[in-house]
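The structure appears right after this line, and notes come after that.
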Amino acid sequence: MQESADMSLLTETCLRTALSNNELSLAFQPQLSDNGTIVGAEALLRWENSDLGNVSPPEFIPIAEETGLILPIGQWVIEQSCQTINTLDEKGLLIPHIAVNISAKQFLQTGFVINLISTIEKYNIMPNRLMLEITESVFIKQMEVALESMNALKMNGFNLAIDDFGTGYSSLSYLKQLPFDQLKIDQSFTQGVSVQKNDLAIVKGIIMMADGLGLNIIAEGAETERQVNILKQHGCAQFQGHFFSKPLPLEKFISYLQEQSIET
């Protein structure tokens, strides 16, 4: 227990200087349709520290949340994603959107919507080029505040995705009230469809429900051809996962897009 506490303290100490020391980076995981067309990409945060080495997001994101460091880090992710969209556009590699994960603390921060609008104006990109991925934790405790912010974002042209769907407690009641555009099937279900009949039954229900609500559906964590084929059979047409591509640093992501463009 003491070793764990010491490691958490060391991680927090190092994380406080991660931005100023340029230790953070983004990797981009392509999102594809069932016919192989790129429909977007998700920006995934990476951290490499001289003392700690490569620190996985599950290790440092909770600490960032607890300490409030997620606020400057989250803003950095948004700005880097906007900058990446501009870089890709300049190279003629237009993709519909880059998805970014928005933490509960970040989303519920006073002035979040105004600041986000200011950021995309700074980089001169359309709001629908930035897909905002949020989880139930964003609105489970402050429904009215979250709904007000979501409606404001929708009015200003942003698209919203609910991430890790099916892993929370009140997804169904929220879905009918909140203005989501996309539903992401959690990877735990995606990876279970080929081996667990219960997972397949849940995924089939999610797809039918999302379709009825007019939501775009994407399955994350697709790792095998069998998983993809099963999901296709039941109406899922968009995918993200190692079967198609692992998360790539920007230079390799650009090469990936160029290769896909040539093949197309």
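The values are calculated or read from the model by the stated rules, or taken from the named source; none is laboratory data. All of these numbers come straight from a predicted model, not from anything done at the bench. So basically every Cβ, Gly included, is an ideal-geometry build from the backbone, and we count neighbours across all protein chains shown. When the accessible area is computed, the model is the full protein with side chains, heavy atoms only, and any ligands, DNA or RNA have been set aside. Shrake-Rupley method; radii C 1.70, N 1.55, O 1.52, S 1.80 Å.
Annotations for the structure displayed:
- Ordered from highest to lowest accessible area with the whole protein assembly present and a 1.4 Å probe, Trp76, Trp47 read as Trp76, Trp47.
- Area accessible to solvent at Tyr174, 1.4 Å probe radius, in Å²: 30 Å²
- Three-way shape call for the chain based on the alpha-carbon gyration tensor, with the a/c threshold at 1.5: rounded
- Rolling a 1.4 Å probe over the protein heavy atoms of the chain, with every protein chain left in place, gives an accessible area that is 50 percent carbon and sulfur.
- Where Arg226, Arg129 fall by accessible area, highest first, once all protein chains stay in place (1.4 Å): Arg226, Arg129
- Accessible area per residue in Å² at 1.4 Å probe, computed on region 98-228: 48 Å²
- Comparing mean-square fluctuations of Thr13, Thr84, Thr135 from a GNM of the chain with C-alpha springs under 10 Å, the top value falls on Thr13.
- A crude spin-label estimate for the pair Phe243 and Glu79, with each label 7 Å from Cα along the Cβ direction, gives 3.9 nm.
- Taking 0.36 nm per residue of separation and subtracting the Cα-Cα distance, full extension of the segment from Thr17 to Lys176 would add 53.1 nm.
- Listed pairs Lys204/Lys246; Lys154/Lys176; Lys141/Lys197; Lys91/Lys122 exceeding 22 Å between Cα atoms: Lys204/Lys246; Lys141/Lys197
- Straight-distance crosslink candidates among aspartates and glutamates, where the alpha carbon sits under 20 Å from Lys184 and sequence neighbours closer than 8 are dropped: Asp34, Glu42, Glu133, Glu136, Asp163, Asp164, Asp199, Asp211, Glu220, Glu223, Glu225
- Multiplying the residue separation of Glu251 and Glu148 by 0.36 nm and removing their Cα-Cα distance gives an extension gain of 33.3 nm.
- Principal axis box of region 20-100, alpha-carbon based, largest edge first, Å: 41, 26, 23
- Taking a ≥ b ≥ c as the square roots of the eigenvalues of the Cα gyration tensor, an a/c ratio of 1.5 or more together with a/b no larger than b/c marks region 191-253 as oblate.
- Charge dipole (debye, nearest 20) of the chain; +1 at Cβ of Lys and Arg, -1 at Cβ of Asp and Glu: 640 debye
- Computed lengthening from Ser118 to Ser188, 0.36 nm per intervening residue step minus Cα-Cα distance: 21.6 nm
- For the set Lys176, Lys252, Lys184, Lys141, the ranking by accessible area, highest first and with no ligand, DNA or RNA atoms included, is Lys141, Lys176, Lys252, Lys184 under a 1.4 Å probe.
- Tensor-based shape of region 108-157 (alpha-carbon gyration tensor, a/c under 1.5 rounded, otherwise prolate or oblate): prolate
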